[in-house]
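S.K.: The structure's right below; bear with me while I get my questions together.
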Amino acid sequence: MKIQPITKTESGRGPIYQSGGASVLFHDGSPFDSDPLKRAFDLAVERDAELHNDLLPERISEARQRTLGALMSRASGDAINAARLAKSEAIAADARQMEPARPIEHAIGVELREHVRALPIADQARWIEQTNLEGLTAIVDGGNRAALEVNLYDRARERFWIENWIARHNAESNHPAQPSVDTVLATGPDHAALRAEAEGYLAQHRERMASIDDNEAIAKRLVGFLAAVFDITPEKALDRIVGRDDAQAA
């Protein structure tokens, strides 16, 4: 089968590198949106074009291994390590935010969970919307121990995240109520501003957690792309990328 040149196409989401039927898109804003990675792949495109101009088709595969192997594998390894770090940091941030800012006594937690578990589903939904941080902590901390339906538990986690964030960051002090024509002597926190800020951080956090799956997909495409470029198995390509191959071409 004829080896296809490595090409680059710009898209609205980032550069796409392709060789034959294999391709990888380095999404803007991802750990793969890296200048060193893109410079290495751009150089590979240039060098590969020279190989196709200067060599017979049967010589290209070996020449690619020799001239492009280390260049593309090392740059890919650095990007994958950055994506792994981003994943670890996102998971750690999620775990920290789910730690109760105001832990409750064990007996209170048991009592609240038993109460909620015994309610009809419609009443459980109302309870989740009306309860305070203490109640939310009881039914979220440690998992779904109140045996809620998935959608109710997800809503409880969402409300817990917001209320817990406000408590953890002492956000009330950052948003004092402002005087208005209706309440000139306004005191206490501005609850609307508090919720808006917390919901904004929640949206950012959700994007960060969703990016884990997105980055995993890019990483898999990258491994598959290098496997196709160098005519090796994905397992071998991954070994080279992460430095597990002592025989990697120089």
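The values are calculated or read from the model by the stated rules, or taken from the named source; none is laboratory data. In this text the structure is predicted, and so the values were computed from the model without any measurement. Quick reminder, even Gly has a Cβ in these numbers, built from the backbone with ideal geometry, and neighbours come from all protein chains shown. For accessibility, only protein heavy atoms count, side chains too; no ligands or nucleic acids. Shrake-Rupley method; radii C 1.70, N 1.55, O 1.52, S 1.80 Å.
Quick grid of which residues meet (1) open to solvent by 80 Å² or more (accessible area, probe 1.4 Å); (2) among the charged types (D, E, K, R):
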site: E46; (1), (2): yes, yes
site: R74; (1), (2): yes, yes
site: A82; (1), (2): no, no
site: L85; (1), (2): yes, no
site: E89; (1), (2): yes, yes
site: A107; (1), (2): no, no
site: A118; (1), (2): yes, no
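Rundown of residues vs (1) touching a Ser or Thr at 6+ places or on another chain (Cβ under 8 Å); (2) at pLDDT 95 or above; (3) at positive phi, yes/no style:
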site	(1), (2), (3)
E207	no, no, no
F225	yes, yes, no
P234	no, yes, no
V242	no, no, no
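S.K.: Based on what the data block shows, is A70 within 20 Å of V223 (Cα to Cα), aliphatic (A, V, I, L, M) and surrounded by fewer than 17 Cβ atoms within 10 Å (Cβ to Cβ)?
M.R.: yes
S.K.: Count, please, the residues in region 123-155 that happen to be closer than 11 Å to R113 by Cβ and open to solvent by less than 20 Å² (accessible area, probe 1.4 Å).
M.R.: 7
Matching residues to (1) open to solvent by 50 Å² or more (accessible area, probe 1.4 Å); (2) within 30 Å of H169 (Cβ to Cβ); (3) assigned to a helix (DSSP H, G or I); (4) of a type in the set (G, A, S):
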| residue | (1), (2), (3), (4) |
| --- | --- |
| S23 | no, no, no, yes |
| G29 | yes, yes, no, yes |
| R39 | yes, no, yes, no |
| E58 | yes, no, yes, no |
| S61 | no, no, yes, yes |
| D78 | yes, no, yes, no |
| E99 | yes, yes, no, no |
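S.K.: Six or more apart or on different chains, Cβ under 6 Å: which pairs go from a residue in region 218-244 that's of a type in the set (D, E) to one that's part of a helix (DSSP H, G or I)? Could you list them?
M.R.: D231/S61
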